[in-house]
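**Student:** Before I ask anything, let me first share the structure, which is written out below as structure tokens.
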Amino acid sequence: MTQPFVSQLRARSSTIRLLPQGAQGITIRVEMPEVWDAVRIVTAAREPLLTIKVRALEALFPEAELHNDFVLKFRGWDILDEASPLADLGIENGSILLLTHRRRRPVR
């Protein structure tokens, strides 16, 4: 399988692997504008979205108290069913997700 374009974009040097080494999966990118950072995640297409959200929050924003305060967006839309597998949401190899606060926050 060829590496998707998102593997070439700037992100943290380490990749979050939710699969054993050598197992085939998809590579996605999760960006968080509040911290101006991004992570690559290698996972199975059947992995629930909630797992991706929690692992990305642990890496990008460890001080987050509740994962419910954040939302993942795909192609500009909030993903409401976090129990759904990635493949059922149309997320495939090379997809980019946006992780952000659920509600707008005041600028200080």
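**Student:** Give the long-range amide H neighbours of F70: residues separated by 5 or more places, or on another chain, with amide H under 5 Å away, using H modelled in the peptide plane at 1.01 Å from N.
**Tutor:** Excluding prolines and chain starts, which carry no amide H, the hits are R102.
**Student:** Per residue of segment 35-50, in order, report the coupling 6.51 cos²θ - 1.76 cosθ + 1.60 (Karplus, θ = phi - 60°) as ³J(HN,Hα) in whole Hz, putting x for Gly and Pro.
**Tutor:** The phi angles translate into 10, 6, 9, 8, 10, 9, 10, 9, 8, 7, 5, 8, 5, x, 4, 4 Hz.
**Student:** Could I ask something else about it? Given H placed on each backbone N at 1.01 Å, which residues far from A45 in sequence or on other chains put an amide H within less than 5 Å of it?
**Tutor:** For A45, whose amide H was placed from the backbone, the distant partners under 5 Å are I26.
**Student:** What base-10 log of the normalised intensity I(q)/I(0) is obtained for segment 5-101 from the Debye formula, alpha carbons as equal point scatterers, at q = 0.13, 0.19, 0.25 Å⁻¹?
**Tutor:** Listed by q, the Debye log ratios stand at -0.38, -0.86, -1.57.
**Student:** What number comes out for the charge environment of L66, summing +1 per Lys or Arg and -1 per Asp or Glu over other residues with Cβ under 14 Å away? Intermediate results must be reported in sequence, preceding the final value.
**Tutor:** Numbers: positive: K53, R102, R103; negative: E58, E63, E65, D69, E82.
My count for the surroundings of L66 gives -2.
FYI, it's all coordinate maths here, none of it is from the lab. Given the structure is predicted, the values throughout are model-derived calculations rather than measurements. Note: ideal-geometry Cβ built from the backbone for every residue, glycine included; neighbour counts use all protein chains shown.
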